[in-house]
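What follows is a set of notes on a single structure, which appears directly below.
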Amino acid sequence: LNAVSVLLWEAMKHFLHSGYEVFDFAGAGWEGEDYGPGKFKSQFGGNLTNYGRYRKIYSPWKMWIAESGYKFLRNVLA
């Protein structure tokens with residue numbers, strides 16, 4: 001077991017005993033994307049919900065530069 005798993009498990013137990021019924025992991029990445037935190041969160045079971053995502057792009061060329069740079073760095077660092 002790693003520390004993050006134990007911490008989340010203890011948090012879920014605490015909130016369950018406090019009367020809460022829903023624990024929100026706050027996102028699991030973009031649909032269809034291989035995303036490590038999403039895999040980690042899925043190990044706890046539960047229901048996957050998707051209420052949609054919205055992205056407002058104010059400057060398409062800056063967005064293209066940012067996405068291209070990010071994709072490049074991910075490949076270099078991976």
Right, residue 41: touching a Leu at 6+ places or on another chain (Cβ under 9 Å) and not small (Gly, Ala, Ser) or not? yes
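State the number of residues belonging to the range 19-44 that are under 21 Å from residue 3 (Cβ atoms), among the acidic types (Asp, Glu) and at pLDDT below 75. Quick ask: steps written out before the conclusion?
Residues of the range 19-44 under 21 Å from residue 3 (Cβ atoms): 23-28, 35-44.
Filter again for among the acidic types (Asp, Glu), leaving 24.
Okay, now just the ones that are also at pLDDT below 75, so none.
Counting residues in the range 19-44 that are under 21 Å from residue 3 (Cβ atoms), among the acidic types (Asp, Glu) and at pLDDT below 75 gives 0.
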Per the list (1) of a type in the set (A, V, I, L, M, F, W, C); (2) open to solvent by 90 Å² or more (accessible area, probe 1.4 Å); (3) assigned to a loop (DSSP other than H, G, I, E, B), residue check on residue 7 breaks on (3)
Looking at (1) open to solvent by less than 80 Å² (accessible area, probe 1.4 Å); (2) under 18 Å from the mean Cα position of the chain (by Cα); (3) polar (S, T, N, Q), which one does residue 43 not meet, given that it meets all the others? (1)
So residue 52, is it open to solvent by less than 100 Å² (accessible area, probe 1.4 Å) and either at pLDDT 75 or above or in contact with a Cys (Cβ under 7 Å, 6 or more places away or on another chain) (or both): no
Kindly evaluate residue 30 against the criterion of being aromatic (Phe, Trp, Tyr), open to solvent by 100 Å² or more (accessible area, probe 1.4 Å) and part of a helix (DSSP H, G or I). no
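The values are calculated or read from the model by the stated rules, or taken from the named source; none is laboratory data. Keep in mind it's a predicted model, so treat the numbers as computed, not measured. Positions of Cβ are backbone-derived with ideal geometry, glycine not excepted, and every protein chain shown enters the neighbour counts. Side chains included, ligands, DNA and RNA excluded: accessible areas come from the protein's heavy atoms. Shrake-Rupley method; radii C 1.70, N 1.55, O 1.52, S 1.80 Å.
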